[in-house]
């Protein structure tokens, strides 16, 4: 006859400030991924990928899946018509995609440190999301500036701008990425 | 946990002798001398999330630039700026965690976590663990310094470990992780909380010339004993002039009032610390831990002894402690508030130690001592000693501190073994009653009324209070 399991002892009580359960923090970026898919208005393939990515983010937050969402969203935008040329609706959709991708990256980083049973203080989430607000404000301003510029300059004038942008990106890569990463050595 | 604590240095322990590296010794924010500062970002590692988000952002921005699609590039701008922000504003220094005992809450053990984090730390990842309670994880906000209270629900008393805390700093959206720190659980001694006793059984003989118990010996302070012809040595203030006028109208003989003396009781608390068993017999082998919400026999013994000690010391009596397990742990009888503190501390540090040799002779006790013996009586030694004390003229109150047992879940052989143990124990307790000892089972609800009954019996007992 096997022994009945002895009930576990009571859990430790940690007096935290206002907090949310860890599972909610892990589910949150996954939910944002689904919202991004909704904003994209994509078909079944988009939803399939979104559900798969959302599941990975929730179940394996340690994996850098959230970073890949940026690449996926960028690829999706590239594969479709220019959203900035589609009027206010397209710009709004682009803003939603930009914000969603950034939120997924940010929340995915926090979710990587939250176990299912953990507690996460609201102040931590507030402190994490505050830079998103600041950065996204700048990005939205940039979006408006780009829209205004394009309406003024016109498509033919974009050629030299493209060259400048490519040079700028290469310079950015060389400046920002640490030498160790490029050399393949230790981080 | 799904992932490891990146950048952790779990193997590092604080030197046991040296003080913890607190904010006073090394400010976490790097406010000390320039040479003492760690290098910028030392110890804070960029996680895979940061690497991948930076790479993906650059890819998308580059893709947009090459394709001449600013809408594509805008998707990567936000995460790119955030990643650069995280890389350039790495916190400097490490998170410091320390644990100290807080005021013990009712029904639990309190601990206070002292946290200090360098500027730029977005959160501190905490893991608080304690044997029997599991572990709790939390991401807490630490604006440079913070205090977090932890309560471990427990009814256990005596020496035990507080809590073990692992801490790790998390920076910039969880993309940076600092070095992990681990505290060694500080040992604490949880004192038993004495209860109240409705009445006090008294020893067969009271001792001393002071106290609050009336004795049969003539002296000062007690009730009227008799009126006696005046003798040399009697105080003139004790002359009863009414009786003198009535019995000796001519004044040839004076009569003085004599009173009973007050006396004190000597009480010795004998605690059998060789056993510390819980209510679940499956844990008696020591392979399974006792749940922290289950009081063990030694917890009951500490509580019972502290209750008895407080009651007698409040009545002005003298109380000492004997340990049946370790012979060096003896507290000489004494009185007063300080003695109560000494008794409670002595009870708190009692715990089973090694395999003590059986006692051939019982501990020597002062004559006329009231003996309280706290034991589980799972073996015969304590019962034998109680019988010897009773035979030598002490009044012995036996307090059975075995918790109410949980028999459910025991296998068949275990139940049979428990039944044999219980029969032997019952025989021992019956023998003790036969030998003249008084038995109280402390785990029962009517323990207080049982003690009250013993107190009433002690006042009816012939010869009680007769001083020698």
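Against the list (1) within 7 Å of another protein chain (Cβ to nearest Cβ); (2) in contact (Cβ under 8 Å) with a residue 40 or more places away in the chain; (3) surrounded by fewer than 20 Cβ atoms within 10 Å (Cβ to Cβ), the condition residue B:82 fails is (3).
The residue of region B:382-405 that is surrounded by the fewest Cβ atoms within 10 Å (Cβ to Cβ), among those that are farther than 23 Å from residue B:306 by Cβ and in contact (Cβ under 8 Å) with a residue 60 or more places away in the chain, is B:393. Scan region A:89-105 and tell me whether some residue there is at the interface with another protein chain (Cβ under 7 Å from one of its Cβ atoms), in a helix (DSSP H, G or I), under 16 Å from residue A:24 (Cβ atoms) and modelled with pLDDT of 90 or more. No, the conditions are met nowhere in region A:89-105.
Just one of the listed residues (B:271, B:243) is in contact with a strand residue (DSSP E or B) (Cβ under 8 Å, 6 or more places away or on another chain), under 30 Å from residue B:349 (Cβ atoms) and at pLDDT 85 or above, namely B:271. Screening B:97, B:61 for residues that are in a helix (DSSP H, G or I) and either within 7 Å of another protein chain (Cβ to nearest Cβ) or closer than 21 Å to residue B:146 by Cβ (or both) leaves exactly one candidate, B:61.
Checked against (1) in contact (Cβ under 8 Å) with a residue 24 or more places away in the chain; (2) touching a helix residue (DSSP H, G or I) at 6+ places or on another chain (Cβ under 8 Å), residue A:78 passes all but condition (1). Residues of region B:223-255 that are farther than 30 Å from residue B:372 by Cβ and part of a strand (DSSP E or B): B:224, B:225, B:226, B:227, B:228, B:229, B:239, B:255. Restricting attention to region B:100-131, which residues are over 18 Å from the mean Cα position of the chain (by Cα), crowded, with 24+ Cβ neighbours inside 10 Å and within 10 Å of chain A (Cβ to nearest Cβ)? B:113, B:121, B:122, B:123, B:124, B:125, B:126, B:128, listed by residue number.
The C-beta contact set for region B:172-199 (first residue closer than 17 Å to residue B:141 by Cα, second residue part of a loop (DSSP other than H, G, I, E, B) and modelled with pLDDT of 85 or more, distance under 6 angstrom, 6+ apart or interchain) comprises B:174/A:112; B:174/A:113; B:178/B:95. Only one entry of A:70, A:46, A:25 meets the criterion of being in a helix (DSSP H, G or I), in contact with a strand residue (DSSP E or B) (Cβ under 9 Å, 6 or more places away or on another chain) and in contact (Cβ under 8 Å) with a residue 12 or more places away in the chain, and that entry is A:25. Residues in region A:106-131 that are more than 7 Å from every other protein chain (Cβ to nearest Cβ) and surrounded by 18 or more Cβ atoms within 10 Å (Cβ to Cβ): A:107, A:111, A:125. Kindly check whether there is at least one residue in region B:212-233 that is touching a residue at least 60 places away in the same chain (Cβ under 8 Å), within 30 Å of residue B:349 (Cα to Cα) and under 33 Å from the mean Cα position of the chain (by Cα). Within region B:212-233 (the criterion being touching a residue at least 60 places away in the same chain (Cβ under 8 Å), within 30 Å of residue B:349 (Cα to Cα) and under 33 Å from the mean Cα position of the chain (by Cα)), the answer is no, since none of the residues qualifies.
Against the numbered list (1) more than 14 Å from every other protein chain (Cβ to nearest Cβ); (2) surrounded by 20 or more Cβ atoms within 10 Å (Cβ to Cβ), residue B:178 comes up short only at (1).
Out of all the residues in region B:256-267, which are within 39 Å of the chain's Cα centre (by Cα) and surrounded by fewer than 24 Cβ atoms within 10 Å (Cβ to Cβ)? Answer for region B:256-267, where residues must be within 39 Å of the chain's Cα centre (by Cα) and surrounded by fewer than 24 Cβ atoms within 10 Å (Cβ to Cβ): B:262, B:264.
Scanning region B:132-167 for residues that are in contact with a strand residue (DSSP E or B) (Cβ under 8 Å, 6 or more places away or on another chain), more than 9 Å from chain A (Cβ to nearest Cβ) and within 27 Å of residue B:346 (Cα to Cα) returns B:156, B:157, B:158, B:159, B:160, B:161, B:162, B:164.
The values are calculated or read from the model by the stated rules, or taken from the named source; none is laboratory data. Given the structure is predicted, the values throughout are model-derived calculations rather than measurements. In this analysis, Cβ positions are derived from the backbone assuming ideal geometry, glycine residues included, and neighbour counts consider all displayed protein chains.
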